[in-house]
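What follows is a set of notes on a single structure, which appears directly below.
The values are calculated or read from the model by the stated rules, or taken from the named source; none is laboratory data. Owing to the predicted nature of the structure, the values given are computational and were not obtained by experimental measurement. Cβ placement follows ideal geometry from the backbone for every residue including glycine, while neighbour counts extend to all protein chains displayed. Heavy atoms of the whole protein, side chains included, go into the accessibility calculation; ligands, DNA and RNA do not. Shrake-Rupley method; radii C 1.70, N 1.55, O 1.52, S 1.80 Å.
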Amino acid sequence: MAPRALAIIAGALVIGLTLGPVTAVILRAEGWSALRPGDWQALRFTLVQATLSAFFSVLFAIPVARALARRQFRGRGALVALLGAPFILPVIVAVLGLLAVFGTSGLANRALSALGLPELTIYGLHGVVIAHVFFNLPLATRLILQGWLAIPGERLRLAASLGLSPRAMWQVLEAPMLRSIAPGAFAVIFVICLSSFAIALTLGGGPRATTVELAIYQAVRFDFDLARAAVLSLIQLGLALVAGLAALRLSRGEGFGIGLDRVVPRWDSGGAARGLDAVWIALAALFLLVPLATVVWRGVPGLVLLGPEVWQAAGHSMLVALGSTALCLIWALPLATRTGEVIGLAGIALSPLVLGTGLFLILRPVVNPVDLALPVTALVNALVSLPFALRILRPEAETIRRDYARLRAALGLTGWAWLRHVLLPRLRRPLGFAAGLTAALSMGDLGVIALFADPDNATLPLKVYGLMGAYRMEAAAGAALLLLTLSLGLFWGFDRGGRVGARA
Amino acid sequence: MLELDGLRWRAGDFALEAEMQIAPGDRVAVIGPSGAGKSTLLDLVAGFRSPEVGRVLWQGRDLGPLSPAARPVTILFQDNNLFPHLSIARNLGLAVRPDGRRPDAAQTGRIGDALARVGLSGFEDRLPGSLSGGQQSRAALARVLVQDRPVLLLDEPFAALGPALRAEMLDLVAEVTADTGALVLLVSHDPKDALRFAPQAIVVAEGRAHAPADTATLLDDPPPALRAYLGH
Amino acid sequence: MKALTVAAALFSASAALADTPVLTVYAGDYITSEWGPGPKIEEMFEARCGCDLQFKPGDLLPRLLLEGERTEADIVFGLTTDATKRARESGLFAPHGQPLDALTLPIDWTDEVFLPFNYGHTAFVYNTERLAEPPASFDDLLNAPDDLKLVIQDPRTSISGLALVLWVQAVYGDEAQAAWEKLAPKILTVTKGWSESYGLFTDGEADMVLSYTTSPAYHIIAEEDRTKKAAIFPEGHYFMVELAAKVANTDQPELADDFMAFILSEDFQSMIATGNWSIPAALPRDGWPDGFKELDLPEKVLFYSEDEAAALRDTAIDAWRRALSQ
């Protein structure tokens, strides 16, 4: 089949799977509902926190990614993998880990009071932003790191031979790369933060930190006001698409053209830069890893409390994660274009609650939704992970298409030969990263399960919540550690698989 | 016979017209100032660009409706002639089997012959990046050899090589195309290369590709458009 | 021939399976999980009914309203009073038909549709090792120094959070917003649900957490930990009850009736205290597990009928939102 036809099918599936459920909810609601006065405030807060969170995530990711790009040290690979961990933790676990460090009785405040300094409070807008940066800095760092690594060695060699100053280096090579990468990273994180709700509320300290997603949750789960839920979710979807289009306009990156695949070291590694890089890496590692360490620390005693049902749930989660990963990558390949990336954003922009409710309404007349619990979860996970996969795959996929289009045409390669012998092998690195991220994300709970829950096929995140709901906080911490370990394991395995032995 | 029949191409201020016939087996240099449209001319023949009006014909057949791969034409670019992640053998394999399947025994034999012809026997399993510049050019030449098309376009593929190596490559091209009887169009910046390689030359200048003329005569007594370029 | 025999055997086996009547019960995740009462309920009821009880976990009322008349549910288990009005108005439920005289609730319960199976009260739970002198009354709490830190749940997303604003409304009436304003500086943060709050509390992030009078029972019985206590206020505590109801067009009316009767049985009632960490709805105090007998419980219980609660709800949430948004 022609690639264009495949792209259209893949895009239509995304649109169908997002607009379909919204439409189902609107039809069911039989009408529209006016927004309440509080909703405007929620909308404003949502925009402010999402903008700040995305801005700071990307801002701090730049020096961290640069440091990681030009330094080789023992454990660098492990650090890069571990840095991805916050992104894949269940929200509640990550929040508890974060508060163990930044909370009122957290490590940071204990250190401050030991030094006789005034205590800090994390609750407020700054807390929301810190938490979102905690979650998204790793993603931003990885996306930008990819951009740095994509600067061909030949260009770096040229820059070195010209003796470019750091400033000139920045202007000639790094700034153009960032101009093409950063807007996309900003957009993805902005859209993730748009639908944040539990983090925003908990770290925001109260109803000041009400987001649109909270209003949707209230409308669906509490008020059963589907009309209001539909209106709010369309607003959220609209905001996400605006962000996606704006990012697309801004990131008119040219790319760098190709170089031959030789490993070329960088020569701009002078003394001051080296010190600064070390500081940035250390800061990022501290900020991201200490809260994770508390999750591990608290989880270890709970591991022995886990019964067979938790391990079984872990098995289901792994199964779902692998299914989602395969589905997501198949979906992402034909969509790895600029238009495809904007369409893909719809997946995370749509409130999971509305998505779940709509799917339920659509499937219910045809089939018992409970029988489809795991496939639906896998499908939704794939849909939700799609924007990340596309963000990772698109730049390199486009570069490959552009650089080899003429050779492909001159040889007359068939679509299959192109895919198998050129596109997939050359995409191996980003594919591994995308697969790792999708698998890890799919281990986490993505919220649609509420209407599709199947008691015999529960997933691990549900068990974590189940244990907490039954006062078993210690066992829950153990299950969370198991979840963290499995997610990281999947992430590491795929990501590494993409790098090791790649002939690129 | 390669025939450019009332060909015209235009993009913004840039225009190129061509009207000529070239016999099979001829070796023709394409010379002219930078930006005059030498590569554009090759792209029109290869099918990467479509003319506004006019036709490209081979042995009387209009190539217009054909995709680049379906034309009796193959081309060596300035770069990207090989996939860097695939071995030389695999690169040549894709040239004979564009559907990605393994070449059969006969085709494998042809690949071996082509590599032998360019002096790269035993390099089957090497990646392009591990070869020297000259060897990469030879591998690319082997790639067009296995494609075995009657028209070969060379869009400055050896520009990055030193003069001696470039001369060696041109001799090799002349030698192997003498065997296959292919028509060769060579874009070149160096009059010496043109003279060495091609008995005839097309001058591309001021929006026009002129019909082939004797290279030595052209260079000895260049038309005005070529004079400034040659520095006479 | 052999294949045919096997097929026939398989067919009769599945026919036998199909003959076992199935009672479908919608219940919250916290009920159906391994650590909730669900598995025990299933075991006990199947032993007496010769049927197959199947729990379907997830959202109760939203799901039921989405499904409407075509729902598979025979029983809905675990509704709370914030949802009964809408549930009743949907017309999807039938009277439970059970005698209510055996109920041992602290309030008078006469509902013919929604049958209580356990109850508790909202309360602020604290750790005695951290807070030696808890506030002795709601007024005390309002006037406590601002470094006393509380975590509560959002009334817009959580049932216990909603119960809290109704509690404040019941105690302070028109002064509710002023009360919230005094409470606001002490509220460390607001969470989406109970689990997040309780997790913050057990991690030592806050001094007191909005929970239930029955929460300490878990720590006493399961952990032999007597440091977690509920602060009891003489102004009264808001009553929280969990309810079951029979779906009107159930295809298993007799089984459903039997299940409703089972809820009030001593077997069920003795199990539910430690199964769901709540006080049994129809079991005198003598029958409670020992840990429950130790609980500090309020003398005065506050409760709004579903109509009163519905009328007050927006006002109460608004008072909360305004005070905490300042």
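Quick look at the numbers
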quantity: Residue count for region C:21-51, restricted to those that are touching a Leu at 6+ places or on another chain (Cβ under 7 Å) and surrounded by fewer than 17 Cβ atoms within 10 Å (Cβ to Cβ); calculated: 2
quantity: Set A:LEU107, A:LEU82, A:LEU99: member being in contact (Cβ under 8 Å) with a residue 12 or more places away in the chain, open to solvent by 40 Å² or more (accessible area, probe 1.4 Å), within 14 Å of another protein chain (Cβ to nearest Cβ) and aliphatic (A, V, I, L, M); calculated: A:LEU107
quantity: Helices (runs of 4 or more DSSP H) enclosed by region C:162-255 - at least 3 residues per element that are more than 20 Å from C:ALA309 (Cβ to Cβ) and within 14 Å of chain A (Cβ to nearest Cβ); calculated: C:194-202, C:215-223
quantity: Residues satisfying the stated conditions in region A:283-302, i.e. without any contact (Cβ under 8 Å) to a residue 24 or more places away in the chain and within 16 Å of A:SER487 (Cα to Cα); calculated: A:ALA293
quantity: Some residue of region C:69-81 being out of contact with any strand residue (DSSP E or B) (no Cβ under 8 Å at 6 or more places or on another chain), within 13 Å of another protein chain (Cβ to nearest Cβ) and surrounded by 22 or more Cβ atoms within 10 Å (Cβ to Cβ); calculated: no
quantity: Flag if B:PHE48 is open to solvent by 40 Å² or more (accessible area, probe 1.4 Å) and either within 14 Å of another protein chain (Cβ to nearest Cβ) or touching a residue at least 12 places away in the same chain (Cβ under 8 Å) (or both); calculated: yes
quantity: Any pair with Cβ under 7 angstrom, 6 or more apart, that starts in region C:80-107 at a residue that is of a type in the set (Phe, Trp, Tyr) and ends at one that is assigned to a helix (DSSP H, G or I) and open to solvent by less than 30 Å² (accessible area, probe 1.4 Å); calculated: C:PHE93/C:ALA87
quantity: Check on B:VAL53, open to solvent by less than 20 Å² (accessible area, probe 1.4 Å) and either closer than 28 Å to B:ALA194 by Cα or in contact with a strand residue (DSSP E or B) (Cβ under 9 Å, 6 or more places away or on another chain) (or both); calculated: no
quantity: Check on B:ALA36, open to solvent by 20 Å² or more (accessible area, probe 1.4 Å) and outside any strand (DSSP E or B); calculated: no
quantity: Test: A:GLY275 is surrounded by 16 or more Cβ atoms within 10 Å (Cβ to Cβ), in a helix (DSSP H, G or I) and not basic (Lys, Arg); calculated: no
quantity: Enumeration of residues in region C:30-61 that are within 7 Å of chain A (Cβ to nearest Cβ) and either polar (S, T, N, Q) or on the phi > 0 side of the Ramachandran plot (or both); calculated: C:THR32, C:SER33, C:GLY58
quantity: Matching residues, region C:195-248, being among the small types (Gly, Ala, Ser) and open to solvent by 10 Å² or more (accessible area, probe 1.4 Å); calculated: C:SER195, C:GLY204, C:ALA222, C:ALA248
quantity: Close pairs (9 angstrom Cβ cut-off, 6 or more residues apart or separate chains): closer than 20 Å to A:PHE388 by Cα in region A:303-328, among the aromatic types (Phe, Trp, Tyr) anywhere; calculated: A:THR325/A:PHE494; A:CYS328/A:PHE388
quantity: Checklist (1) open to solvent by 20 Å² or more (accessible area, probe 1.4 Å); (2) under 13 Å from the mean Cα position of the chain (by Cα); (3) of a type in the set (Asp, Glu) applied to B:GLU17, failing item; calculated: (2)
quantity: Filtered residue count, region A:199-243, keeping only those that are touching a Leu at 6+ places or on another chain (Cβ under 9 Å), open to solvent by 20 Å² or more (accessible area, probe 1.4 Å) and within 13 Å of chain C (Cβ to nearest Cβ); calculated: 5
quantity: Residue satisfying condition, being farther than 22 Å from A:GLY356 by Cβ, modelled with pLDDT of 85 or more and of a type outside the set (D, E, K, R), within set C:LEU53, C:LEU79; calculated: C:LEU53
quantity: Candidate set from region A:335-372 (those that are at the interface with chain C (Cβ under 10 Å from one of its Cβ atoms) and at pLDDT below 80); member that is farthest from the chain's Cα centre (by Cα); calculated: A:ASN368
quantity: Residue check for A:VAL290: open to solvent by 10 Å² or more (accessible area, probe 1.4 Å) and either farther than 29 Å from A:LEU96 by Cβ or at pLDDT below 90 (or both); calculated: no
quantity: Residue match in region A:96-117 (condition: over 17 Å from A:ALA284 (Cα atoms), under 19 Å from the mean Cα position of the chain (by Cα) and not acidic (Asp, Glu)); calculated: no
quantity: Residue match in region C:259-281 (condition: closer than 15 Å to C:PRO116 by Cα and part of a strand (DSSP E or B)); calculated: yes
quantity: Selection within region C:82-97 - surrounded by fewer than 18 Cβ atoms within 10 Å (Cβ to Cβ) and assigned to a loop (DSSP other than H, G, I, E, B); calculated: C:SER90, C:GLY91, C:PRO95, C:GLY97
quantity: Of residues in region C:127-150 being of a type outside the set (Asp, Glu) and under 15 Å from C:TRP180 (Cβ atoms), the one surrounded by the fewest Cβ atoms within 10 Å (Cβ to Cβ); calculated: C:ASN143
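Residue-wise test of (1) facing chain A (nearest Cβ under 9 Å); (2) touching a strand residue (DSSP E or B) at 6+ places or on another chain (Cβ under 9 Å); (3) of a type in the set (Val, Ile, Thr).
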residue: B:PHE77; (1), (2), (3): yes, yes, no
residue: B:ILE88; (1), (2), (3): no, no, yes
residue: B:ASN91; (1), (2), (3): no, no, no
residue: B:LEU94; (1), (2), (3): yes, no, no
residue: B:GLY109; (1), (2), (3): no, no, no
residue: B:LEU115; (1), (2), (3): no, no, no
residue: B:GLY129; (1), (2), (3): yes, no, no
residue: B:ALA140; (1), (2), (3): no, yes, no
